[in-house]
Amino acid sequence: MNIHKLPALLLALVLALGLTMTALAAEEGTGYTDVAGTWSEAYVARVADLIDGRTETTFAPNENITRADLVVALYRLAGSPDLPNDAANPFADVAEDAAYRDAVVWANDNSIVGGRNAETFDPDGSATRQEIAKILNLYAAQAVGKVELVSRVDDLSGFPDAGDVAGWAKSYMNWAVSSEFITGSDGKLDPKGTATRAQIAAILCRYMDDASTGDASADNPRNQDEIGENELLVVSFGTSFNDSRVATIGAVEEAMEKAFPDYSVRRGFTANIIIEHIQRRDGEVIDDVNEALDRAKANGVKNLLVQPTHLMNGYEYGDLVKDLEKRAGDFESVKIGAPLLTDDEDFTKVAQAMVDAAAEYDDGKTAICYMGHGTVAASNAIYAKMQQVLTDGGHTNYFVGTVEAAPTLEDVIKLVQAGKYERVVLRPMMIVAGDHANNDMAGDEEDSWKSAFEVNGFQGRVICEVKGLGELEAIRQLLIDHAKEAKSLGETGIEVEPNPAGLEQPEEENPAVADGTYTVEVESDSSMFRVVKCELTAADGQMTAVLTLSGTGYDQMFAGSKSEAQNASKGFIQYAEDAEGAYTFTVPVAALDTPLQYAAHGVKSGKWFDRTLTFDAASLQAK
């Protein structure tokens, strides 16, 4: 059977229109008296064009969703595509004049939802939660041109009733749980239970939100083999926002390809959480740095040139240098280019690019504000320096702030108010326009930059330009220039954090730790969860550690996985502030030199994240 797949471009259009229309519906209310004031009201309003009410004034939120209503919702979400002329209805219990007839035939022909048997669809029957996970997975996969989608992370096993999931459904349920489409109830998944109409409304909204960042098929993941002897590896933090990834990172990679015709350009991301999200949602596989280096070695690459898209020589750049030093023996030569903002000339060029990008708004009455990420590392000084370069250049209506450090949003607002500007333009000072740009900067939440300016005197006068620096030709050219000036490891003259100098310690058997208190180095699998200081205490054969984090973005930890934390009723580790205001957590340590699983709770997102920490035995120093 030829599967009629919805083109990705059409899906993007349908989702864009659907999200706009359903957002308007949410603002206007549902008109359903039985959801007014309940948790499901906003969800029901958003799916008003997908799921019909039972009457004009009732939605029946607590009734189980029927198989017919479910396929109708997906059929409409797909744009109600025309059926082939030869599309026959094989089900005796689906009347030819039934309102759901085309939806059932479409779902069956596309192998999204089959019948109970060859002749029976059971339109009024219910679907189990694990069946719903499979149905949504197959729909989502076909929408992006795949057969099915999978998650690389096991989030299913953290639920106490994970064993109740049927063997055929485990991958589908894990995907739905990892995607946070199915979140469970009272700590359980209830895979063989049913779902209500309100619950399906919530699931569909979560799916639409997740799938609304553009067409992944337009992105070249650059993970191909047949590399040749010369490789240019472009290393980025990454973004799961598809359109921005193409317009920024993809554009940088294409520019590199033109500038280095004798090199094969490949990609490596440093954020595994983004890599996993893209693969789970779009079926697109992107290499992390070590996977990219493994691929280069397997393909016989001799000369490796690495160019990061990082703004600064901070933690990300330092970790990259450290990784390359470990793998230097795999290649005849390894060279690395400088981060975007390295010397004074870089600042001058980037400042001019930022000014040129906002030139249409530069009327003397408009404050143009750039939002950076920020870091507790010393490299955070680049933001203050960029502010100074802009001011010294006569661009006194340009302001620079950060999400996570200084200058803060509050600092920027005070400066803008003092300047008595009439309107504000917001742009990200980041290579990509991803989650921070779309949510922290341009989002409608009360703590976004947009909302903060609106409540501080600029209501209706805030313009958000959600465009990453990577879209600017001048930025791409500067990265090309850095790649052309790349130097061998150890010869860059760039100080990095953490310092990657020194040889890797030989592996030794993990010795017993004598009772006492020690300082110890801790390696994290995520640059977003950096341990800057750790004090380990051993007593009576048990170890605990006081972790000091690099920022204040997490307020709880849990010894276990994300899914275990989500379903736990106790065992949460609250932060404590030290004398300097840094967040610390006292956690159990099961072993040294062994990757240990923890979960961390984000303050802004309200979500749990998997984090892996390794406590380095060789670094132990008694206090």
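The values are calculated or read from the model by the stated rules, or taken from the named source; none is laboratory data. Only a predicted model underlies this, so the values are computations on that prediction, with no experimental measurement involved. Neighbour counts run over all protein chains shown; Cβ positions are idealised from the backbone, glycine included. Heads up: the accessible areas ignore ligands, DNA and RNA and are worked out on the full protein's heavy atoms, side chains in. Shrake-Rupley method; radii C 1.70, N 1.55, O 1.52, S 1.80 Å.
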Practice task
Pop out the ³J(HN,Hα) list for the stretch 443-460 in order, Karplus 6.51 cos²θ - 1.76 cosθ + 1.60 with θ = phi - 60°, rounded to Hz; leave Gly and Pro as x.
Solution key: x, 8, 5, 5, 9, 6, 4, 4, 5, 5, 5, 4, 7, 10, x, 10, 4, x
Problem - Neighbourhood net charge (9 Å Cβ-Cβ; Lys/Arg +1, Asp/Glu -1) for Pro123 - result: -3
Handout entry: Thr239 long-range amide H proximity, modeled H, under 5 Å
Key = none
Completion exercise
Note, the stretch 609-618: 3J(HN,Hα) by Karplus (6.51, -1.76, 1.60, θ = phi - 60°), whole Hz, Gly/Pro = x, goes 10, 6, 9, 10, 10, 10, 8, 7, 4, 5
Handout entry: Cα centroid of the stretch 547-611 to Cα centroid of the stretch 174-235, whole Å
Key = 24 Å
Handout entry: Percent accessible area from carbon and sulfur atoms, the chain, protein chains only, probe 1.4 Å
Key = 48 percent
Exercise for the section: Sticking with the crude label model, points 7 Å out along Cα→Cβ, report the distance from Ala514 to Lys385 in nm, one decimal please. Expected result: 4.5 nm
Practice task
Choose one of Gln142, Gly460, Thr402: the residue whose Cα lies farthest towards the positive end of the charge dipole of the chain (beta-carbon charges +1 Lys, Arg; -1 Asp, Glu; about the Cα centre).
Solution key: Gly460
Practice task
List, in order, the whole-Hz ³J(HN,Hα) value for each residue of the stretch 198-208 obtained from phi through the Karplus relation with A = 6.51, B = -1.76, C = 1.60 and θ = phi - 60°; use x for Gly and Pro.
Solution key: 5, 5, 5, 4, 5, 4, 5, 5, 5, 5, 4
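Please give me the summed charge of the neighbours of Leu613: other residues whose Cβ is under 10 Å from its Cβ, Lys and Arg +1, Asp and Glu -1.
Net charge in that neighbourhood comes out at -1.
R0 = 22 Å: FRET efficiency of Glu345 with Gln417, Cβ-based, nearest 0.05?
It comes to 0.10.
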Problem - Linear extension gain, Asp52 paired with Ala118, 0.36 nm per residue minus alpha-carbon span - result: 21.0 nm
Practice task
Working from Cα positions, state the angle (0 to 90°, nearest 10) between the long axis of helix 272-282 and the longest principal axis of the chain.
Solution key: 30 degrees
Exercise for the section: With the cut-off at 19 Å, report for the stretch 545-594 the share of all Cα pairs above it, as a whole percent. Expected result: 32 percent
Fill in the blank from the handout: Checked the stretch 97-211 against the a/c 1.5 cut and the a/b vs b/c comparison, axes a ≥ b ≥ c from its Cα gyration tensor; verdict prolate
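Taking each pair of different alpha-carbon atoms in the chain once, compute 1/r for the pair, average those values, and report the inverse of that mean as the Kirkwood hydrodynamic radius in Å to one decimal.
26.9 Å
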Exercise for the section: Please report, to one decimal in angstroms, the Kirkwood hydrodynamic radius of the stretch 400-488 built from all distinct Cα-Cα pairs. Expected result: 14.4 Å
Fill in the blank from the handout: Measuring from the longest principal axis of the C-alpha atoms of the chain, the long axis of helix 289-298 (C-alpha) lies at a number of degrees, nearest 10, equal to 90 degrees
Exercise for the section: Classify the stretch 347-404 as rounded, prolate or oblate from the Cα gyration tensor: take a ≥ b ≥ c as the square roots of its eigenvalues, call it rounded if a/c is under 1.5, otherwise prolate when a/b beats b/c and oblate if not. Expected result: prolate
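Regarding the stretch 155-239, what is the average projected area of its C-alpha convex hull, in nm²?
8.9 nm²
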Fill in the blank from the handout: In whole µm²/s, the translational diffusion coefficient that Stokes-Einstein assigns to the stretch 203-319, given a Kirkwood hydrodynamic radius over C-alpha pairs, 37 °C and 0.692 mPa s, equals 222 µm²/s
Practice task
Give the relative contact order (percent, whole number) for the chain; include only Cα pairs under 8 Å separated by 6+ residues.
Solution key: 10 percent
Completion exercise
Taking a probe of 1.4 Å and leaving out DNA, RNA and ligands, the stretch 470-623 shows per residue an accessible area in Å² of 55 Å²
Problem - Structure-based [θ]222 nm, the chain - -39500 (n - 2.57) summed over DSSP H runs of at least 4, per residue, nearest 500 - result: -9000 deg cm²/dmol
Handout entry: Student exercise, the chain dipole from Lys, Arg, Asp, Glu Cβ charges, in Debye to nearest 20
Key = 440 debye
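Compute the length gained on full extension between Gln556 and Ala474: take 0.36 nm times their separation in residues and subtract their Cα-Cα distance, giving the result in nm to one decimal.
25.4 nm is the gain from fully extending Gln556 to Ala474.
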Completion exercise
Taking every alpha carbon pair in the stretch 195-268 and sorting the distances into 10 angstrom bins from 0 up to the bin holding the longest one, the percent per bin comes out as 18, 37, 21, 13, 8, 3
Completion exercise
Put Lys533, Lys562 in order of accessible area, largest first, probe 1.4 Å, and you get Lys533, Lys562
Practice task
Note the full-extension length gain between Gln352 and Lys570 as 0.36 nm times their separation in residues minus their Cα-Cα distance, in nm to one decimal.
Solution key: 73.2 nm
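So, with +1 on the Cβ of K and R and -1 on the Cβ of D and E, and no other charges, what is the size of the charge dipole of the stretch 221-318 about its Cα centre, to the nearest 20 debye?
The dipole of the stretch 221-318 has a size of about 120 debye.
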Completion exercise
Scaled by the rule-of-thumb 2.2 N^0.38 Å, the alpha carbon Rg for the stretch 434-477 gives a ratio of 1.35
Problem - Antiparallel bridges, percent of DSSP beta bridges restricted to the chain (to nearest 5) - result: 60 percent
Fill in the blank from the handout: Between Lys533 and residues 5 or more places away or on another chain, the pairs with built amide H atoms under 5 Å apart involve Thr548
Handout entry: Long-range HN-HN contacts of Val425 with modeled amide H, under 5 Å
Key = Ala367, Ile368, Cys369, Ile463
Exercise for the section: Can you tell me the 0 to 90 degree angle between the C-alpha axis of helix 473-484 and the longest principal axis of the chain, rounded to 10? Expected result: 50 degrees
Completion exercise
Here the convex hull volume per residue of the stretch 318-472, taken over Cα atoms and given in Å³, is 123 Å³
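Mean 1/r over all different Cα pairs, inverted: what Kirkwood radius does the stretch 49-151 give, in Å?
About 14.3 Å, per the Kirkwood formula over Cα pairs.
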